[in-house]
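What follows draws every value from the coordinates through simple rules; no lab data is involved. Every value quoted in this text rests on a predicted model; they were computed, and no experiment measured them. Cβ: placed from backbone, ideal geometry, glycine included. Neighbour counts: every protein chain shown.
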């Protein structure tokens, strides 16, 4: 069987978006309950994932499933309102198609967001965490298979998977706006179940400060293509064994919505000050 390279799939998807005539320089992936940020963009143009060849549509609540083109702070932006996950039955390659497509459209910076469970003691739901590094514990990697040399090298270096200069920029913006942010390591697991208390203790021992079911594959794909990455987790709940009550996706969405204003102000400030 002939293997279809990711770049070939991207070319098919690009044809679906050629009518937008937009040239975004910043791309965003908006996670659970965080998609409303796309509604703050000016001069917007929406394209449902269902209208783009090869882009799967999410079925999880809080993930609208649109590419939203627009501008903010004089910068051309494209945002994904929601994402698909491997736990929905998609491959790692399918999961990263949206991020790859936005970079192929011209985005130089990918701001990737997620809702995450807090592991660090003292963490409170609603806090924002700038991701400094990650643990890919999904058991998958979107680069497995023949390397697509037109996208990147066979063995990409992830020493700076999350760009230190972008982290410093976001930290400075947050400080000026009076928004409390922390920094930490994100552990990406497959899901869809929440982790057991024993697994959370393991993650804490490994050095993780937050845990979720997304992000790591998209970051790998983005760095493979040479894009700079800023990662932001919204800590929507305390992890199992730390939380005083049972975990639920409803809590995740509710906390993300409650954090919307600070999240939106932080993203707006960062995008406006990006040195592009």
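Work out, in µm²/s and without decimals, the Stokes-Einstein translational diffusion coefficient of the chain at 10 °C, 1.306 mPa s, Rh from Kirkwood over C-alpha pairs. Write out the running numbers ahead of the final one.
Details: Rh = 18.6 Å.
Calculated translational D: 85 µm²/s.
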**OP:** Considering Cα pairs under 8 angstrom that are at least six residues apart, work out the relative contact order of the chain and quote it in whole percent.
**Re:** 25 percent
Subject >> GNM flexibility winner over the chain from 25, 15, 120 (Cα, springs under 10 Å) >> reply: 15
Original post:
For the range 1-150, what is the per residue volume of the convex hull drawn over the alpha-carbon atoms, in cubic angstrom?
Top reply: 142 Å³
Original post:
So how do 49, 90 line up by other beta-carbon neighbours within 10 Å, fewest first?
Top reply: 90, 49
**OP:** Name the residue, out of 125, 156, 24, whose mean-square fluctuation peaks in a Gaussian network model built on the chain with Cα pairs under 10 Å.
**Re:** 156
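Of all alpha-carbon pairs in the range 193-238, indicate the percentage at a distance above 17 angstrom. Show your work: numbers first, answer last.
Numbers: 489 of 1035 pairs.
Pairs farther apart than 17 Å: 47 percent.
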**OP:** Would you look at the GNM of the chain, springs on alpha carbons closer than 10 Å, and say which of 76, 88, 132 moves the most?
**Re:** 88
**OP:** Write down the Å³ per residue value for the convex hull defined by the alpha carbon atoms of the range 212-276.
**Re:** 103 Å³
Original post:
Listing 16, 91 from the residue with the fewest other Cβ atoms within 10 Å to the one with the most, what is the order?
Top reply: 91, 16
Original post:
Ranking 229, 47 by Cβ neighbours within 10 Å, fewest first, what do you get?
Top reply: 47, 229
Original post:
Given the C-alpha centroids of the range 17-51 and the range 133-200, what is the distance between them in whole angstrom?
Top reply: 22 Å
**OP:** Along Cα→Cβ, 7 Å out, is where each label goes; now give me the distance between the ones at residue 90 and residue 180 in nm to one decimal.
**Re:** 3.4 nm
